[in-house]
Every structure is written in structure tokens, then in C-alpha cells.
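The values are calculated or read from the model by the stated rules, or taken from the named source; none is laboratory data. Keep in mind that this is a model prediction, so the values were computed, not measured. Methodologically, a virtual Cβ is constructed for each residue, glycine included, from the backbone with ideal geometry; neighbour enumeration extends over all protein chains shown.
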Ligand code: OGA
Ligand code: NI
């Protein structure tokens, strides 16, 4: 992130087109803070079961609740849990009042996540600006065209005796605009699908992983790809990660950006509200989701 603007615009544009994923270094968020975030998340998930049992919810993405992802067996409809837990909450880049609904134990959870959220907010603005420029748009375009909502998912994957039998997180695409992911170093987990193969995204020191979400794929009229990814488990080590998502507001209308559409590039998606998209997302729970495909127009 300390290269000159034009170089960053080009490199990020290329990464968004080819991989839908990239890692950033020199992002301005201290290693100490990143480690503190991973520590408080670990401490939270390692609390005795009785202390967090009341937070477990059967509803995906409930604010301040823990959810266990599952696959639904297509024949029996039985739910098969993934080898991991996810803690959801909203966040905000400016107003730290969101931390009041975060756990009070571990004691530093609120303070550390509040500080981190501000810095991730700044980085998000920078990245959205670079992505806007890469699409040939005004630098504030993506940041200003939607009313952002900010959600986060802390992931915990315990050691797993038989990693070949399960996954920490099944393959999926992120459904927001952008994801900024902090992951623990020294443990393999995140894998991205590239040309039909799963490739490991091993964290570079003090890096963050950024990826394109479904809404950015639609807004860019398929120029940028929201790529399938998953998390595998490890025999010996637990792993934690912290995903901060930036998405539209449920009332926002999403469609390919008109500046990117012309006779040679007809719009590939019909316009929809993000609320409609979430409804469709929920309908496909437990399956290999194909949500944006529902809004795709026939060529
Ligand atoms: C996610 C995600 C990957 C990871 O939270 O959406 O893809 O490495 N996480 O935990
Ligand atoms: Ni994801």
C-alpha cells in the first residue's frame, strides 16, 4: 500500500480480474493490533462452553451471535456441521457504539475490535477508491454510491483429528462488496479456487487478505470476480480469522454500473435490491449457493 497510486490501481485491478483475491502489506495497521485482535477472538472462542452457550443461535448472521455452518444432505435433509464456529456482529468505521453489544469477556474485546474497526474503515475507503479508479470511475464512486453496511465474522477452527473428512468452512463466495480478512499466520486454512484447483492462501507477514464479493462482481458487470473459497482444518493447530465485510444497505439498488455498460458490454444482471439478494441467499442455506446467478440475464 506504499506504492504510488497508479501502480496500486493497476495491480489491484489485475488481481480483481484474475483472482478476485489479493493480499495487502504496508496497510498501516500495526502488527501489534492485528495480533491483539486474533488474541481476543481466540480467548472469546476458548471461553468455557457455559459462558458462550447463550450466544449460540440457529440463525445465520444474527448480530452478536455464534453460528455453526452446515451442509444439508440433499436426500435426508440432515444438517452436517462444519468444523468451525462463526461469531457475527456489525461494526462501524467511525462510531464505536457498536462495541457495546460485543462481549464483555474477554475484557479487552470491545476496545480492541473498536480500534481495529476504525483502521479497517480507513483501509476500506482506500481500497474502494483504488478499485473505483481501476474501473475507470471517479475515486469516490464505490464509496459514495451505496449506503454501506458493515458486518463482521470471527471464525474459529479447532484442531481436527481427520481434516480429510471435513472442512472448516465449505466453499462459498462472499456476498457483500468487499471482504478484508485478517488470518493467523503459520497455519494453512484459506484456499481459493483458481482454474479448477484449490490453492492455499498462506498469509504473508503482517498482511491482510482482500477479496471481491458478489455485489462488486455485479456492479462491475463481471469484470471483477467473486471467487469461491473455503477453509480447511488442521490436525495439530487451531486457527482463527476475522473477516470484515462491507456491503450495500438492504434498500440499495444493485445493478451493473451504467458507465461500464455499452453496446459491446450489455448488462449481465437485472437490477435488484440488496434485500432481495439476501432473501435468495437465505433460501439457499445448506446448499452450494448460486445466488447472483438468479439475477443473471440470459445472454
Ligand atoms: C469468510 C471466510 C475464510 C477463513 O469468513 O467468509 O471466507 O480463512 N473466511 O476463515
Ligand atoms: Ni468467505
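For region 196-210, a residue qualifies if it is touching a residue at least 24 places away in the same chain (Cβ under 8 Å) and in contact with a strand residue (DSSP E or B) (Cβ under 9 Å, 6 or more places away or on another chain), and the qualifying residues are 198, 201, 203, 204, 207, 208, 209, 210.
Of the numbered criteria (1) within 13 Å of ligand 1 (Cβ to nearest atom); (2) modelled with pLDDT of 95 or more; (3) assigned to a loop (DSSP other than H, G, I, E, B), the one residue 202 fails is (2).
Looking at region 211-224 only, could you name the residues that are away from ligand 1 (no atom under 15 Å from the Cβ), touching a residue at least 60 places away in the same chain (Cβ under 8 Å) and either under 29 Å from residue 165 (Cα atoms) or assigned to a loop (DSSP other than H, G, I, E, B) (or both)? The answer is 220, 223, 224. Contact map, region 241-258: residues that are over 30 Å from residue 186 (Cβ atoms) paired with residues that are assigned to a loop (DSSP other than H, G, I, E, B) and within 16 Å of ligand 1 (Cβ to nearest atom), Cβ distance under 6 Å, separation 6+ or inter-chain. Pairs shown: 247/176; 247/177.
Please find, among 126, 191, the residue that is away from ligand 1 (no atom under 16 Å from the Cβ), farther than 23 Å from residue 65 by Cα and modelled with pLDDT of 95 or more.
Numbers: 191 fails: away from ligand 1 (no atom under 16 Å from the Cβ).
Every option except 126 fails the conditions.
Please specify each residue of region 149-172 satisfying the condition of being within 16 Å of ligand 2 (Cβ to nearest atom) and in a strand (DSSP E or B).
Step one: list which residues in region 149-172 are within 16 Å of ligand 2 (Cβ to nearest atom), which gives 150-157, 167-172.
150, 151, 152, 153, 154, 155, 156, 157, 169, 170, 171, 172, listed by residue number.
Among the residues in region 288-295, are any loosely packed, with under 13 Cβ neighbours inside 10 Å, farther than 30 Å from residue 77 by Cα and either free of Cβ contacts under 8 Å to residues at least 60 places away in the same chain or touching a strand residue (DSSP E or B) at 6+ places or on another chain (Cβ under 7 Å) (or both)? Scanning region 288-295, I find no residue that is loosely packed, with under 13 Cβ neighbours inside 10 Å, farther than 30 Å from residue 77 by Cα and either free of Cβ contacts under 8 Å to residues at least 60 places away in the same chain or touching a strand residue (DSSP E or B) at 6+ places or on another chain (Cβ under 7 Å) (or both), so the answer is no.
Each residue in region 134-148 was checked for being in a helix (DSSP H, G or I) and surrounded by 21 or more Cβ atoms within 10 Å (Cβ to Cβ), and 2 of them qualify. Residue count for region 233-248 under the criterion of being touching a helix residue (DSSP H, G or I) at 6+ places or on another chain (Cβ under 7 Å), closer than 25 Å to residue 143 by Cα and either within 16 Å of ligand 1 (Cβ to nearest atom) or at pLDDT below 95 (or both): the result is 4. Candidates in region 151-166 are the residues that are farther than 19 Å from residue 33 by Cα and in contact with a strand residue (DSSP E or B) (Cβ under 6 Å, 6 or more places away or on another chain); of these, the one that is surrounded by the most Cβ atoms within 10 Å (Cβ to Cβ) is 157. Collect the residues in region 270-294 that are touching a helix residue (DSSP H, G or I) at 6+ places or on another chain (Cβ under 8 Å) and either in a loop (DSSP other than H, G, I, E, B) or farther than 21 Å from residue 148 by Cα (or both), keeping them in residue-number order. Passing the criteria: 270, 289, 291, 294. Looking across region 226-250 at every residue that is within 14 Å of ligand 2 (Cβ to nearest atom) and not in a strand (DSSP E or B), the one that is farthest from residue 194 (Cα to Cα) is identified as 232.
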